[in-house]
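The values are calculated or read from the model by the stated rules, or taken from the named source; none is laboratory data. Note that the structure is a prediction, hence the values are computed from the model and not measured. Cβ: placed from backbone, ideal geometry, glycine included. Neighbour counts: every protein chain shown. These area figures cover heavy atoms from the full protein model, side chains too; ligands, DNA and RNA do not enter into them. Shrake-Rupley method; radii C 1.70, N 1.55, O 1.52, S 1.80 Å.
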Amino acid sequence: MEYFASQFDIAVIGAGHAGIEAGLAAARLGCRTAVFTINLDWVGNMPCNPSIGGTSKGHLVREIDALGGEMGVAADKNTLQNRMLNLGKGPAVHSLRAQIDRREYSAYMKNVLENQQNLYLRQAEIIDLYREEGLWYLKTRLEAVYSAKCVIIATGTFLAGKVYVGDVCYDSGPDGMFPSTELALALKKLGVLTRRFKTGTPPRVNRRSVDLSEMELQPGDEVTTPFSFTTKEEIENKLPCYITYTGEETKKIILDNLDRSPLYSGRIDGVGPRYCPSIEDKIVRFSEKERHQLFVEPCGRNTGELYIQGLSSSLPEDVQLKILHSIPGLRNAEVMRTAYAIEYDCVDPLCLRASLEFHDFEGLFGAGQFNGSSGYEEAAAQGLVAGINAANKVLGKKPFILDRGSSYIGTLIDDLVTKGCSDPYRMMTSRSEYRLVLRQDNADRRLTPLGYEQGLISEERYAAFKEKLNLIEKERGRVESIVIAPSEDINEMLVSRETSPLTTGAKLSDLLKRPQLSYDSLTQYDPSRPDLDRSIFEQVELDLKYEGYIKHQQQQINEMRRLEVKLLPDDIDYSKVTGLRLEAIEKLGKIRPENIGRASRISGVSPADINVLLIYLERGAGND
Ligand SMILES: Cc1cc2nc3c(=O)[nH]c(=O)nc-3n(C[C@H](O)[C@H](O)[C@H](O)COP(=O)(O)OP(=O)(O)OC[C@H]3O[C@@H](n4cnc5c(N)ncnc54)[C@H](O)[C@@H]3O)c2cc1C
């Protein structure tokens, strides 16, 4: 028999990467918050690669940290290996990636949630969700009923989860956890439109059965970089990764058994991630390629489990074993976990506002994989924003919206709720039109003031941040006041890149603007250099080197923001706006953009439609 258990301000369904950040943000902003999960022993689970960050995902983690989220700190505390990717390219795409101790990370996050004031972590499966008299009610499998003013759904890949391995398919969540089937039905009953997406993961093998001497060693960086701007201790590399490749034999095994793949036999309906293809997909889509690179990654210090990145599959187990044994270093590999694909329910994010609240369900928010994205970092970013906004709703504050000019988080959410996604959305640097401004190294300068304003950054941290800004400004002033005389060495460096040698003294700041010169290469000419954290020098050098480009991009951002402040009423009847094309009326009516800027990014809404809307607003919206 059901019983009323307790009342909360905010209830979060899920303690995955999204649920953690949502719960912490809401509780840290003073709301009485419950976080429900199906299995307490897998809080912050990594059912796929045991790593945090990577291209553009590293940007998201630093932005989460700059706003006062937890993922960056947790990653630094549980790092096995730390590497800055894309150092051969420009700073806009430099991205941090860390191999993570999966078990330790989960235990760390569970501990943070347990000790967070105002937060109540509960192992319970939510099987029903309904609204009565302005409150949400959540019912558990064990018939407890909780109420909450706001609910955040962060159910990941559990919602009506179905696992596929060859001909075998069964209802399940990831890693053998049970699926969330009844909640999926309850959401449908509520009128939430869901669809089927899928994703997949590779096998895990036992280290003792792997011949690492047949693989390339991939060590961590000598100089490591923390994700969190608050991490002061040195990040240590504890375990390396390895690289190996598939070959002709692998290709043949896969092509010979393609008919046994649920992907190719059409048994899986769900749409998979374009940018995280299974090995079957890679062999078929890139048939001209002779080999595919695989990363062999450690999963933890106290386990021999190795994750074979790049070998995600849903082929039958016997075929998976043949594939593994066709690869150098894995010829005698012992499988510990079979690769599988999982299909699950998620919403179309076009039904969400930029605050991640549902258009049609007041006080109901979505975050993470449930919103159609893929990836721990994408999930955590949405969780943070949904948590802040649910709290702001309870506290009567205005929504916290990050625009595309502020961050990758803003770009991620704007893409989801304005353009939608036809397959699991993964962040990439190419998704941002302001990459040079949105670098991973300056996330705190862009976002920490906003995190402080929201109440997620402590006074102490904010004071340290302001001190950093002072030091950057002072150092900038210093390099602009120092003149360096021309020297043979400097000119050699300049001439090496076909730039004119110095003939007269030059300001240190001007030299730092030169692509082939840097603080490191100018050390001997800068004896008065103060002893500062290397992040200060990095900021000054990047500001100088990219000054012109950054200024230009900032102007573009200001132009974009000019349209973002032109608000569109929520209840506007677009069919009454004379001059709008039918497609625009349909799209605008469905997506209900909050402002002209967002309206202009909806596919099918033309510049002419935007002009019509601007005139309509000038004439005073809603008078028609
Ligand atoms: C097999 C597999 C392969 C993947 N491959 C990739 C990949 O290649 N690339 C990539 O970027 N990402 C991949 N992912 C995705 C990645 O795991 C997710 O992106 C990430 O974990 C999503 O975080 P989340 O917080 O949205 O959900 P999750 O981390 O899945 O957390 C969901 C939480 O909701 C809880 N929950 C669900 N239903 C209920 C309920 N009814 N009641 C109470 N609690 C509930 C669960 O217990 C859990 O705590 C993969 C995931 C899986 C499972």
Completion exercise
Taking placed amide H atoms and a strict 5 Å upper bound, the residues 5 or more places from V12 or on another chain that come that close are A34, V35, F36, I152
Practice task
Diagonalise the Cα gyration tensor of the range 204-342 and give the resulting equivalent ellipsoid semi-axes, square root of 5 times each eigenvalue, largest first, whole Å.
Solution key: 30, 18, 14
Practice task
Please state the charge dipole magnitude for the range 565-618, taken about the Cα centre, from unit charges on C-beta atoms (+1 on K and R, -1 on D and E), reported in debye and rounded to the nearest 20.
Solution key: 160 debye
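With a probe of 1.4 Å, find how much accessible area the chain has per residue, and write the answer as a whole number in Å². Kindly include the intermediate steps, with their values, before the conclusion.
Details: 25820 Å² over 624 residues.
Per-residue accessible area for the chain comes out at 41 Å².
What shape does the chain take by its C-alpha gyration tensor, where a ≥ b ≥ c are the square roots of the eigenvalues and a/c under 1.5 counts as rounded, a/b above b/c as prolate, and the rest as oblate?
Note, shape of the chain comes out oblate.
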Exercise for the section: Would you list, by chain and number, the lysines whose Cα falls below 28 Å from the Cα of K252, excluding same-chain residues fewer than 8 positions away? Expected result: K198, K282, K289, K322
Practice task
Give me the distance in nm between label points sitting 7 Å out from Cα along the Cα-to-Cβ direction at F4 and L40, one decimal.
Solution key: 2.6 nm
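How much length, in nm to one decimal, is gained on full extension between S213 and D175, taken as 0.36 nm per residue of separation minus their Cα-Cα distance? Show your work: numbers first, answer last.
On the way: separation 38, 0.36 × 38 = 13.68 nm, distance 3.01 nm.
The span from S213 to D175 would gain 10.7 nm if fully extended.
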Exercise for the section: Report in % the part of the accessible area of the range 204-342 that belongs to carbon and sulfur, leaving out ligands and nucleic acids; probe 1.4 Å. Expected result: 48 percent
Practice task
Using 0.36 nm per residue of separation minus the Cα-Cα distance, give me the extension gain between R534 and R260 in nm, one decimal.
Solution key: 93.2 nm
Problem - Of all DSSP beta bridges in the chain, antiparallel share, percent nearest 5 - result: 70 percent
Practice task
Can you pull the one-decimal nm distance between simple spin-label points at L614 and V483, each 7 Å off the Cα toward Cβ?
Solution key: 4.9 nm
Practice task
Just check the range 100-211 against the gyration tensor rule for me: Cα atoms, a ≥ b ≥ c as the square roots of the eigenvalues, rounded for a/c under 1.5, and otherwise prolate or oblate depending on whether a/b exceeds b/c.
Solution key: oblate
Fill in the blank from the handout: In debye to the nearest 20, the charge dipole size for the chain, taken about the Cα centre with +1 at each Lys and Arg Cβ and -1 at each Asp and Glu Cβ, equals 700 debye
Practice task
Starting with the highest mean, order 172-179, 606-613 by the number of other Cβ atoms within 10 Å, averaged over the residues of each peptide.
Solution key: 172-179, 606-613
Practice task
Calculate what fraction, in whole %, of the accessible area of the range 145-194 sits on carbon and sulfur atoms when a 1.4 Å probe is rolled over the protein chains.
Solution key: 63 percent
Problem - Net lengthening on full extension, R562/R291 (0.36 nm per residue, minus Cα-Cα) - result: 92.7 nm
Completion exercise
Over the chain, the sum of -39500 (n - 2.57) across DSSP H runs of at least four, divided by residue number and rounded to 500 deg cm²/dmol, gives at 222 nm -10000 deg cm²/dmol
Exercise for the section: Take each of the peptides 197-210, 319-332, 216-229, average the number of other beta-carbon atoms within 10 Å over its residues, and list them starting from the highest. Expected result: 197-210, 319-332, 216-229
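Using a Förster distance of 30 angstrom, determine the FRET efficiency expected from the C-beta separation of D510 and E233, and round it to 0.05. Numbers along the way, then the final one.
Values: r = 36 Å, r/R0 = 1.21.
Working from the Cβ atoms, E equals 0.25.
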Practice task
About the Cα centre of the range 145-258, how large is the charge dipole given +1 on each Lys and Arg Cβ and -1 on each Asp and Glu Cβ? Please answer in debye to the nearest 20.
Solution key: 940 debye
Exercise for the section: Decide, for the range 266-371, between rounded, prolate and oblate: order the square roots of the alpha carbon gyration tensor eigenvalues as a ≥ b ≥ c, take rounded if a/c falls under 1.5, and otherwise choose prolate if a/b is larger than b/c, else oblate. Expected result: prolate
Handout entry: At most 14 other Cβ within 10 Å, DSSP loop - GluC sites (Glu not before Pro), the range 358-445
Key = E362, E433
Handout entry: Those residues of the range 32-62 whose amide nitrogen sits under 19 Å from the label point placed on E182, 7 Å along Cα→Cβ
Key = 35-40
Fill in the blank from the handout: Counting only residues 5 or more apart in sequence or on a different chain, those whose built amide H sits under 5 Å from that of K566 are I596, G597
